[in-house]
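Before any comments, here is the structure.
Read-outs throughout are calculated quantities, based only on the coordinates presented, and are distinct from any laboratory measurement. The model shown is predicted, which means the values in this text are computed figures rather than measured ones. Counting neighbours? That spans all protein chains shown, and the Cβs are built from the backbone with ideal geometry, glycine included.
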Amino acid sequence: MFKRLFAIALTFGMAATAPPAFAQNCAERDHVIAKLQDSYAEELAFGGLQKSRGAQSVMEVWTSKETGSYTVLVTQPNGISCIVAVGTDFFEAIPKIKVEGTPS
């Protein structure tokens, strides 16, 4: 995981430090997304709004079924995205199906 984070940091021209110093791994969102798509075959799996320190940001999880990698991004209102987590062996959870007439 550290090797991938380090490679991304070098690609974006950022100073890389040992995890969990993920906040230094930030760049323009378009640049980060292009790198995730082109180099890691990742696609947006899901995301949502989060409120922190009085401002809203967008949290996104990008995944690749091809490579099993995933990346968690947080994008601020100014368009800067920060990589907050990366990993391998991504999997999808199977949703519970409620059968009509059974207790939940």
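Brief remarks on what is shown
- Considering the conditions (1) within 20 Å of Asn25 (Cα to Cα); (2) in a loop (DSSP other than H, G, I, E, B), Glu92 is excluded by exactly one of them, (1).
- Whether a residue is closer than 18 Å to Asn25 by Cβ, touching a Pro at 6+ places or on another chain (Cβ under 8 Å) and in contact (Cβ under 8 Å) with a residue 12 or more places away in the chain was assessed, and Ser57 passes this test.
- Scanning segment 42-56 for residues that are within 25 Å of Ala93 (Cα to Cα) and either over 13 Å from the mean Cα position of the chain (by Cα) or surrounded by fewer than 12 Cβ atoms within 10 Å (Cβ to Cβ) (or both) gives Phe46, Gly48, Leu49, Gln50.
- Whichever residue in segment 74-104 is aliphatic (A, V, I, L, M) and without any contact (Cβ under 8 Å) to a residue 60 or more places away in the chain and, among such residues, is surrounded by the most Cβ atoms within 10 Å (Cβ to Cβ): Val74
Table: residues versus (1) touching a helix residue (DSSP H, G or I) at 6+ places or on another chain (Cβ under 6 Å); (2) among the polar types (S, T, N, Q).
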residue	(1), (2)
Ala34	no, no
Ser52	no, yes
Glu60	no, no
Ser69	yes, yes
Val72	no, no
Ile80	no, no
Val99	no, no
